[in-house]
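Notes to accompany the following structure.
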Amino acid sequence: MYYRYKMSCGVLLLAAYCGFCSAQAIKSQKKQVEIYTTAQNTAYRLSHTDILSLSKTRKAPTEKDALIFIDTLKKFQTIVGIGGALTDAAAETFYKLPATKQQELINAYFNPQSGIGYTLARTNMQSCDFSSDMYTYVSDGDAALKTFSVTHDEKYKMPLIKEAMKVAKGKLSLFISPWSPPAWMKDNSSTLNGGKLLPAFAQSWANFYIKFIQAYKQQGIPVWGLTVQNEPLAQQKWESCIFTAEEERDFVKNYLGPALHNNGFSNKKLIIWDHNRDLIFQRTATVLADKQAAKYVWGIGYHWYETWTGGPMQFDNVRRVAESFPEKHLIFTEGCTEKFDASKMDNWEHGEKYGISMINDLNCGVVGWSDWNILLDQNGGPNHVGNYCFAPVHANTQTGDITYTNAYYYIGQFSKFIRPGAKRVACSSNRSQLATTAFINTDGKLAVVILNVTDDSVNYQLSLDGYIASSTILPHAIATLIVDK
């Protein structure tokens, strides 16, 4: 009797062990996939819409299958961050809102759990078009910068940046951009309408960046990087200044680069160009051909406004830069939908433009992607020259209401799931209807973004390291798939 009991216990133990092995084998044959979706004509806005199981299979895809194929062994650039601009306009609008709405907005952007987790930010050095007034940090003619003061920024912009840093838990890389030197430093005696930096003030202007970085540091706001000049080939009716490629090269080589190094700021990321994709290769090639200038340059920034001609975004020019200068970094520094019209706030094309740009820019090798204003008012401002634009979020400063446009959710499909330190992996689509990119985060989880800008749902297979899962993406939708490690 005892013997039979012992044997039966052994059978039970063996069965239990075999069951455990079987469960482990099943587990090893599957990976879980969480899907988050934003889609037109639905309530889906960064919504958790499905759970899939990736299963091992020997079945090869056929030419009839729509396939998203990922090779995690092929790794590319590492992400610095995704975010937007904390301008005067954004800050002034923010502080016209009730405190509860302020807290909602700051969490919506910078909280990685309840919001979309922005980790990159840009701000203007001196006034830009998205300031309600024109201002400078120094008195006229003060080449020694003895009167330098950022007191103007202490009212709105600095407090907003500090709030963003706090909610982002310190993980916010801030870069700065000037729109124009002070009027007295320029050949047209105006901060507006282009003009050029007078050679006599080149050193003073280089020192100006140093003063700004130091002043912000003293206020507890570290500056991660800087661009040389916003849109250096644009003669705008607002603050602007012209630098040819040769002039930017020489300013970096002889003044700005040395100023950063001589003042202990050699770790700041110096970014050239900061203009459209159309001439990005010409600018980069000209500046970096000079080794003395190139040694100071961390990366190349660009915008998407080459589409003002009505043509498509010129991603091939960005690829040429990545191919030709792999030791430098690409960063998208500004984009927005122009010509604000409140009646078009819900146009789905706003979000889709972000989706198209971000997937292609990331696949071209960008390490950071920064939208323009994080917040504007009900008129697309404030803006002291009437250059009103769209933002992902608009606030009615009279009622306190906040409107989240679809652009906010499209950007969030990237920023929430592709985190700093994530590395891009090879990812391809065999259907023109589907655009895609993929990243492995530092926690080992894979984020795959899929974009469908067509009027039809598309059935597809996700193929990852020998695992397959089938799913569907809705019309005019963007989906992020999070795959367990």
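When you go through 341, 361 one by one, which is the residue that is at negative phi and within 20 Å of the chain's Cα centre (by Cα)?
It is 361.
Any residue at all in region 337-344 that is basic (Lys, Arg) and either touching a Lys or Arg at 6+ places or on another chain (Cβ under 6 Å) or under 24 Å from residue 272 (Cβ atoms) (or both)? Scanning region 337-344, I find no residue that is basic (Lys, Arg) and either touching a Lys or Arg at 6+ places or on another chain (Cβ under 6 Å) or under 24 Å from residue 272 (Cβ atoms) (or both), so the answer is no. From the list 94, 110, 130, the lone residue that is under 24 Å from residue 191 (Cα atoms) and in the same structural domain as residue 349 (by TED's automatic domain parsing) is 130.
For residue 89, are the conditions met, namely being in the same structural domain as residue 116 (by TED's automatic domain parsing) and either in contact (Cβ under 8 Å) with a residue 60 or more places away in the chain or in contact with a strand residue (DSSP E or B) (Cβ under 6 Å, 6 or more places away or on another chain) (or both)?
yes
For region 177-198, residues that are touching a Leu at 6+ places or on another chain (Cβ under 8 Å) and surrounded by fewer than 21 Cβ atoms within 10 Å (Cβ to Cβ) total 1. Pairs linking a residue in region 432-458 that is more than 17 Å from residue 362 (Cα to Cα) and of a type in the set (Ser, Thr, Tyr) to a residue that is modelled with pLDDT of 95 or more and outside any strand (DSSP E or B), with Cβ atoms under 6 Å and 6 or more positions apart or on different chains, are 442/421; 454/433; 457/474; 457/475.
Taking the criterion of being surrounded by 14 or more Cβ atoms within 10 Å (Cβ to Cβ), under 22 Å from residue 183 (Cα atoms) and of a type outside the set (A, V, I, L, M, F, W, C), the residues of region 112-134 that qualify are 123, 124, 126, 127, 129, 131, 132.
Here is a yes/no grid of residues against (1) closer than 22 Å to residue 86 by Cα; (2) surrounded by 18 or more Cβ atoms within 10 Å (Cβ to Cβ); (3) touching a strand residue (DSSP E or B) at 6+ places or on another chain (Cβ under 6 Å); (4) not hydrophobic (A, V, I, L, M, F, W, C):
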site	(1), (2), (3), (4)
200	no, no, no, no
227	yes, yes, yes, yes
230	yes, yes, yes, yes
242	no, yes, no, no
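Quick one: would you say residue 294 is surrounded by fewer than 20 Cβ atoms within 10 Å (Cβ to Cβ), closer than 27 Å to residue 200 by Cβ and in contact with a Ser or Thr (Cβ under 8 Å, 6 or more places away or on another chain)? So residue 294 does not fit the description; no.
For region 305-329, residues that are among the aromatic types (Phe, Trp, Tyr) and surrounded by 21 or more Cβ atoms within 10 Å (Cβ to Cβ) total 0. Of the residues making up region 346-375, those that are of a type in the set (Gly, Ala, Ser) and in contact with a Leu (Cβ under 6 Å, 6 or more places away or on another chain) are 355, 365, 368, 370.
The values are calculated or read from the model by the stated rules, or taken from the named source; none is laboratory data. This is a predicted model, so every value here is computed, not measured. Every residue, glycine among them, receives a Cβ derived from its backbone with ideal geometry; neighbour counts consider all protein chains shown.
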